[in-house]
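The values are calculated or read from the model by the stated rules, or taken from the named source; none is laboratory data. Keep in mind the model is a prediction, meaning the values are calculated, not measured. So basically every Cβ, Gly included, is an ideal-geometry build from the backbone, and we count neighbours across all protein chains shown.
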């Protein structure tokens, strides 16, 4: 079936129309000897049909220069992002690739900044809800989506959220909690939305639905500013918010867990010292997996492009005293 020509065609569209990988497209448009004459003719015909003009990066792919890749974060503040970066850079270094990092938080030109970065690297990892899907699919470089909903034609790496959040709430229900508050804004990030969805699913048969307290961010200050009500189980979007809630409870004279049960997400080092019930997610493995997958996309050299990969990494409930358990840490 012929593909409708677009004014701004991408290397992905040329590869799809020609039935080859994006690396093969790059090499074919550079008349590389690594591509057969038949494949080169097919790629060039597809490029003409789509009015595709190869980018500088596409040319570097064809010549085998894979010196750097990029990763786009919504923000760089906080231990969660630091852990992801550590995993990502360690894996990229193993391939001899340097990493360029871009944070889009607070930028009015986020889309332009992402496109500019894509022009300076061999591939890009895009984390969270930093730019719209159409921006990702328009980039003329290999892309891996990290901690966001799947994008058509793009590899995606995520951690499990909804199911583990449901397990967390079910654990709290077993201990007699019936009134729940979720602290965090589901619109901030796909991960937070998944956790909120899991909480709602677990409480769908309860008389009182969970109360949502939206926060302006995912940091300690957001948790400190959250309004607290005694007798509730407070499920926080992450550990930083939960630690802020613990501080707010102390200032308000509320005892944890006697007056207020509090849980977090991530299992940061501080959560362990605070005795915080939380969900452990493989932060470094998220980054490392994204880096490995991106390297594979950059270096693949097959006439048949591999189908988009999807992976959801497991998360683990870690029970501590902040939800009413005074015994040593228990894993589920």
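Summary of computed values
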item: Complete set of residues in the stretch 238-279 that are within 18 Å of residue 320 (Cβ to Cβ), without any contact (Cβ under 8 Å) to a residue 60 or more places away in the chain and in a loop (DSSP other than H, G, I, E, B); result: 254, 255, 258, 259, 264, 267, 274, 275, 276
item: Condition broken by residue 245, with the remaining ones in (1) crowded, with 24+ Cβ neighbours inside 10 Å; (2) within 30 Å of residue 27 (Cβ to Cβ); (3) in contact with a strand residue (DSSP E or B) (Cβ under 6 Å, 6 or more places away or on another chain) satisfied; result: (2)
item: Search result, residues across the stretch 172-186 that are in contact (Cβ under 8 Å) with a residue 24 or more places away in the chain and either at negative phi or outside any loop (DSSP other than H, G, I, E, B) (or both); result: 172, 173, 175, 177, 178, 179, 180, 181, 182, 183, 185, 186
item: Number of the condition not met by residue 27 [criteria: (1) under 16 Å from residue 138 (Cα atoms); (2) modelled with pLDDT under 85; (3) surrounded by 13 or more Cβ atoms within 10 Å (Cβ to Cβ)]; result: (1)
item: Matching entry among 239, 303 (being modelled with pLDDT under 95 and touching a helix residue (DSSP H, G or I) at 6+ places or on another chain (Cβ under 7 Å)); result: 303
item: Residues of the stretch 107-117 that turn out to be over 18 Å from the mean Cα position of the chain (by Cα) and assigned to a helix (DSSP H, G or I), as a count; result: 5
item: Which numbered condition residue 217 misses (of (1) crowded, with 17+ Cβ neighbours inside 10 Å; (2) free of Cβ contacts under 8 Å to residues at least 60 places away in the same chain; (3) outside the structural domain of residue 71 (by TED's automatic domain parsing); (4) in contact with a strand residue (DSSP E or B) (Cβ under 7 Å, 6 or more places away or on another chain)); result: (4)
item: Meets criteria (surrounded by 14 or more Cβ atoms within 10 Å (Cβ to Cβ), closer than 20 Å to residue 121 by Cβ and modelled with pLDDT of 80 or more) for residue 85; result: yes
item: Single residue of 157, 169, 192, 126 found to be assigned to a helix (DSSP H, G or I), within 14 Å of the chain's Cα centre (by Cα) and surrounded by 21 or more Cβ atoms within 10 Å (Cβ to Cβ); result: 192
item: Residues that are over 18 Å from residue 295 (Cα atoms) and part of a loop (DSSP other than H, G, I, E, B), drawn from the stretch 129-146; result: 129, 130, 131, 132
item: Scope the stretch 77-106; condition closer than 18 Å to residue 219 by Cβ, in a loop (DSSP other than H, G, I, E, B) and touching a helix residue (DSSP H, G or I) at 6+ places or on another chain (Cβ under 9 Å); matching residues; result: 78, 104
item: Criterion violated by residue 316 - all others in (1) buried (at least 18 other Cβ atoms within 10 Å of the Cβ); (2) farther than 18 Å from residue 150 by Cα; (3) at pLDDT 95 or above satisfied; result: (1)
item: Residue 287 vs. criteria surrounded by 15 or more Cβ atoms within 10 Å (Cβ to Cβ), farther than 23 Å from residue 170 by Cα and touching a residue at least 40 places away in the same chain (Cβ under 8 Å); result: yes
